[in-house]
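Please treat every number below as a calculation from the coordinates, not as lab data. Every value quoted in this text rests on a predicted model; they were computed, and no experiment measured them. Note: ideal-geometry Cβ built from the backbone for every residue, glycine included; neighbour counts use all protein chains shown.
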């Protein structure tokens, strides 16, 4: 059996660094990690507690994919929040569509500019 110690990071494919930084930094408040090496392609790292989110600019192979309307039924990354109501308010103010959790729990799902599904859960 393979022993896994912890999740280190999640990598997300993006197509436009400036647009994605506006979403992740401007709307979500993420702070870039300055220690990302030069990999020969654009990207940014964000520290989220002990984990990281890596955004990688590459030709987006997902442009032809039809995503489910609800992000919880798609590949997604989940973030813990204290309360989903402030998240809902900020997404509404920014005009970002979202859906509430289908299970009835305190969680909502939205998509970044490239269609990556994000969950914000207070449970």
Dividing the mean separation of Cα pairs under 8 Å (6+ apart) by the residue count of the range 14-123 yields a relative contact order in percent of 24
With bins of 10 Å, the percent of all Cα-Cα pairs of the chain per bin from 0 is 12, 42, 35, 10, 1
Stretchable slack from residue 122 to residue 48, in nm (0.36 nm times residue separation minus alpha-carbon distance):
25.1 nm
Over the chain, with a Gaussian network built from C-alpha contacts below 10 Å, which listed residue (108, 28, 12) shows the highest mean-square fluctuation?
28
Taking each pair of distinct Cα atoms in the range 76-123 once, what is the resulting Kirkwood hydrodynamic radius in Å?
10.7
Per GNM of the chain with C-alpha springs under 10 angstrom, the most fluctuating residue out of 44, 84, 66 is 66
Residue-normalised 222 nm signal for the chain, counting each DSSP H run of n ≥ 4 as -39,500 (n - 2.57), nearest 500 deg cm²/dmol, is -3500 deg cm²/dmol
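What shape does the range 13-85 take by its C-alpha gyration tensor, where a ≥ b ≥ c are the square roots of the eigenvalues and a/c under 1.5 counts as rounded, a/b above b/c as prolate, and the rest as oblate?
It is oblate, given that a/c is not under 1.5 and a/b is not larger than b/c.
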Tilt of helix 84-94 relative to the longest C-alpha principal axis of the chain, in degrees (0 to 90, nearest 10)?
70
Sorted by average packing, counted as other Cβ atoms within 10 angstrom per residue and highest first, what order do 45-51, 109-115 take?
109-115, 45-51
